[in-house]
Every structure is written in structure tokens, then in C-alpha cells.
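Chemist: Mind having a look at this structure? Questions to follow.
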Amino acid sequence: MTLMSGNESPNEFKLDSVATDCIQSVTFGHHNSQYLLSSSWDCSVRLHDISNNTLRAKYTHSAPVLDAAFQDSHHVWSGGFDQHVKTYDLNSCTETILGSHNGPIRCVEFSPEANVMVTGGWDANLKLWDPRAPSAVGTYGQPDKVYTMAVCGDKVVVGTAGRRVLVWDLRNMAYVQQRRESSLKYQTRCIRCFPNKQGYVLSSIEGRVAVEYLDPSPEVQRKKYAFKCHRNKDNASGIEVIYPVNAISFHVGYNTFATGGSDGYVNIWDGFNKKRLCQFHKYPSSISSLCFSPDGQYLAIASSFLHETEETRDIPPDAIFIRRVTDQETKPK
């Protein structure tokens with residue numbers, strides 16, 4: 001395993017003009033590695049040009065924004081505490097409210113294979129939207145509040161409160177394909193799917209990550225496993241501090257993945273070979289979101305105070321770091 005110290009990061013820079021409150025999500029488009037979306041508790045959605053470190057566009061909701069996603073190169077969708085599903089046309093700088101949930105909207109994802117937008121909310125509903133209309137085409141009840149979800153080809157994997165995991169087929173939403181319970185004992189924080197679409201990685205608030213497979217056959221299910229991470233043991237006292245694992249992002253080319261925790265660290269893992277490839281230096285605050293660029297050259301790292309402690313003095317400013325990653329850090333060995 002390679003350890004990258006804070007003084008050895010000439011391949012990393014901070015974005016200018018970022019949000020002034022917790023950055024809840026950062027995401028690239030499916031095919032463009034130049035533009036990054038960030039959504040924040042300062043009620044803004046921002047479009048960053050990482051090549052030139054400039055803010056290209058910004059629009060707002062009336063309440064904190066929890067997620068945003070690209071539909072294509074010039075249409076963005078977003079949602080949050082105002083419960084509205086909003087689209088923004090980057091060419092004409094016009095915004096439209098398309099509909100709403102009956103609670104905060106936690107997740108916004110686009111499925112290129114099914115050509116639908118998917119939103120998940122704390123109203124325990126999943127909604128599908130036709131981006132051509134654009135309008136809602138269906139509402140699908142979940143067992144509890146939607147905390148996280150990930151598109152996996154023409155499927156969507158949904159993680160809810162109560163440690164439940166549901167697998168839906170976006171081409172046939174008449175019934176749930178699979179109902180599962182998380183392998184981890186504590187609340188689910190993030191789910192992301194392997195680029196090869198064979199399975200997903202799930203993290204919890206208790207410093208642990210599970211690698212799961214979608215194929216329900218017993219021989220494939222035997223391959224699943226879980227591991228501890230984002231923990232810090234004090235050798236003097238023997239006390240181990242366990243941190244939530246807030247963020248996961250996959251490297252599309254290598255099927256390796258990054259995790260980010262409230263310990264302020266980012267780790268890169270080879271899930272198939274059960275190895276940690278490297279750990280970056282400590283960031284100023286909790287890692288709230290991560291996203292690899294589609295070309296696999298960059299990792300966007302959001303560092304934000306998540307109010308997990310009562311200590312509110314000297315809080316570092318919210319930041320987005322863009323790290324140019326190397327094969328040494330991301331390629332299976």
C-alpha cells in the first residue's frame with residue numbers, strides 16, 4: 001500500500017468559487033471530464049470547469065440541495081429540502097420545476113441505458129422522469145426513507161433507512177427484482193455500483209464497507225465480503241475511533257473504488273482482490289462526496305464539516321479538491 005503525504009500533492013488543487021456551506025455531492029457527467037457539478041447546503045448548484053478552475057454556472061433552490069446530476073452536456077437536474085425536482089438548461093440559463101416529492105429529495109441519478117431520471121426521497125418514494133417530456137412517469141413506494149441509490153445499467157439499487165436494499169429494473173417497475181438487507185449492522189450511508197455491473201459496494205456509518213453481487217445464485221453470493229476501514233486507534237489509550245464512510249466512487253477503467261470518511265481520509269481499494277491500493281493525505285474536514293471523472297484521470301474530493309461533533313470552533317472552510325490520479329494509485333496490482 002502507498003501512503004501519500006500532504007506535502008507530496010503537486011497533482012492536486014483546490015477549486016475556486018465553491019459553496020459556503022456543506023458540499024453534499026460532487027458529480028461529473030457520464031462522458032465529460034471537464035465539468036463538475038456540486039450541490040450544497042448553501043442552496044446552490046454549481047458547475048465548475050476544472051480545466052480552467054472557473055465557475056461556469058450557478059443556480060439556487062429555496063433550501064439546501066442534496067444531490068444533482070447531468071442528463072446530458074447542457075441539462076442538469078437537482079433536488080433537496082425544498083422537495084422540488086428542478087432542471088436547469090446550461091445554454092439558456094433557464095430553470096424549470098418539474099414536480100416534487102412529499103419530503104426532501106436525497107438522490108438524483110440519470111440512467112443512460114433506460115433514458116430516465118430517477119429521484120429518491122425521504123417520503124419513501126422513488127420517482128422516474130422522462131427527460132424528453134419532461135415529466136414524472138411513475139412513483140414507486142420504498143420500505144422507508146431513501147438514503148442512497150445507484151444506477152447500474154438498466155437497474156437501480158436503492159438503500160433505505162432500516163438497512164434495506166432494493167434492486168429495481170428500470171424497464172419493468174411493476175415489481176421489485178430483489179429485496180435485501182444490508183450485510184452491515186449499522187445505517188447505510190452510500191451505495192455505488194461496479195462499472196462492470198456485477199454488483200455494488202455499500203458503506204455504513206460504522207467504518208465498514210460491504211462488497212455485494214447482484215447475481216442471487218449461491219456460488220456468486222459466496223464471493224461477497226465486508227471489511228473495516230476509516231478507523232483510528234489511539235495506541236496509548238487503546239481506544240478506537242470509528243468514522244462513517246460517507247462516499248464511494250468507482251474508477252470506470254479499473255473497477256477499483258475510492259472511499260471517503262469522516263476521518264478526513266480517502267482510500268483506494270481493489271475490491272476484487274481485497275486490497276487497499278493507497279491512502280491519500282488527511283483532508284481538512286470529513287469527506288462528504290467523491291467522484292472519479294469518466295476518463296479516470298481525476299478524483300473530485302469534497303471536504304466539509306458534517307456536524308458530527310459539537311466542536312464548532314475553527315471549522316475549516318468547505319473545499320473541493322481535484323486530484324490527478326495515477327495508475328500507481330488506482331490500477332489493480
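The values are calculated or read from the model by the stated rules, or taken from the named source; none is laboratory data. Because the structure is a prediction, the values reported are computed rather than measured. All Cβ positions, glycine included, derive from the backbone under ideal geometry; neighbour counts span all protein chains shown. To get the accessible areas, we keep the full protein, side chains included, count just its heavy atoms, and leave off ligands, DNA and RNA. Shrake-Rupley method; radii C 1.70, N 1.55, O 1.52, S 1.80 Å.
Chemist: Please go through segment 139-157 and give me each residue that is open to solvent by 60 Å² or more (accessible area, probe 1.4 Å) and part of a loop (DSSP other than H, G, I, E, B), ordered by number.
Modeler: LYS145 - this is the single residue of segment 139-157 that is open to solvent by 60 Å² or more (accessible area, probe 1.4 Å) and part of a loop (DSSP other than H, G, I, E, B).
Chemist: If only one of ASP49, ASP82, ASP67 is touching a Gly at 6+ places or on another chain (Cβ under 9 Å) and either under 27 Å from GLY159 (Cβ atoms) or open to solvent by less than 20 Å² (accessible area, probe 1.4 Å) (or both), which one is it?
Modeler: ASP67
Chemist: Here's something else I'd like to know. Do any strands (runs of 3 or more DSSP E) lying entirely in segment 16-128 carry at least 1 residues that are in contact with a Phe, Trp or Tyr (Cβ under 6 Å, 6 or more places away or on another chain) and aromatic (Phe, Trp, Tyr), and which ones are they?
Modeler: The strands (runs of 3 or more DSSP E) meeting that bar are 54-60, 84-89.
Chemist: Let me ask something additional. Just to be sure before I move on: is ALA258 closer than 23 Å to GLU329 by Cβ, buried (at least 20 other Cβ atoms within 10 Å of the Cβ) and in contact with a helix residue (DSSP H, G or I) (Cβ under 9 Å, 6 or more places away or on another chain) in the structure I sent?
Modeler: yes
Chemist: Answer yes or no: is there a residue in segment 158-166 that is closer than 20 Å to GLY199 by Cβ, touching a Pro at 6+ places or on another chain (Cβ under 6 Å) and open to solvent by 20 Å² or more (accessible area, probe 1.4 Å).
Modeler: The answer is yes; a qualifying residue exists.
Chemist: For ALA136, indicate whether it is touching a strand residue (DSSP E or B) at 6+ places or on another chain (Cβ under 8 Å), within 18 Å of MET173 (Cα to Cα) and of a type outside the set (Phe, Trp, Tyr).
Modeler: In short, yes.
Chemist: Something else: Can you find a residue that is in a strand (DSSP E or B), open to solvent by 40 Å² or more (accessible area, probe 1.4 Å) and either within 28 Å of GLN187 (Cβ to Cβ) or free of Cβ contacts under 8 Å to residues at least 12 places away in the same chain (or both) anywhere in segment 263-282?
Modeler: Yes, because at least one residue in segment 263-282 is in a strand (DSSP E or B), open to solvent by 40 Å² or more (accessible area, probe 1.4 Å) and either within 28 Å of GLN187 (Cβ to Cβ) or free of Cβ contacts under 8 Å to residues at least 12 places away in the same chain (or both).
Chemist: Among the numbered criteria (1) modelled with pLDDT of 95 or more; (2) in a strand (DSSP E or B); (3) farther than 25 Å from GLY199 by Cβ; (4) open to solvent by 10 Å² or more (accessible area, probe 1.4 Å), which single criterion is violated by ALA136?
Modeler: It is condition (1) that ALA136 fails.
Chemist: When segment 215-259 is examined, which residues are found to be among the aliphatic types (A, V, I, L, M) and in a loop (DSSP other than H, G, I, E, B)?
Modeler: ALA236, ILE239, VAL252
Chemist: Do you know which of the residues in segment 283-306 that are open to solvent by 10 Å² or more (accessible area, probe 1.4 Å) and free of Cβ contacts under 8 Å to residues at least 40 places away in the same chain is nearest to the chain's Cα centre (by Cα)?
Modeler: SER285
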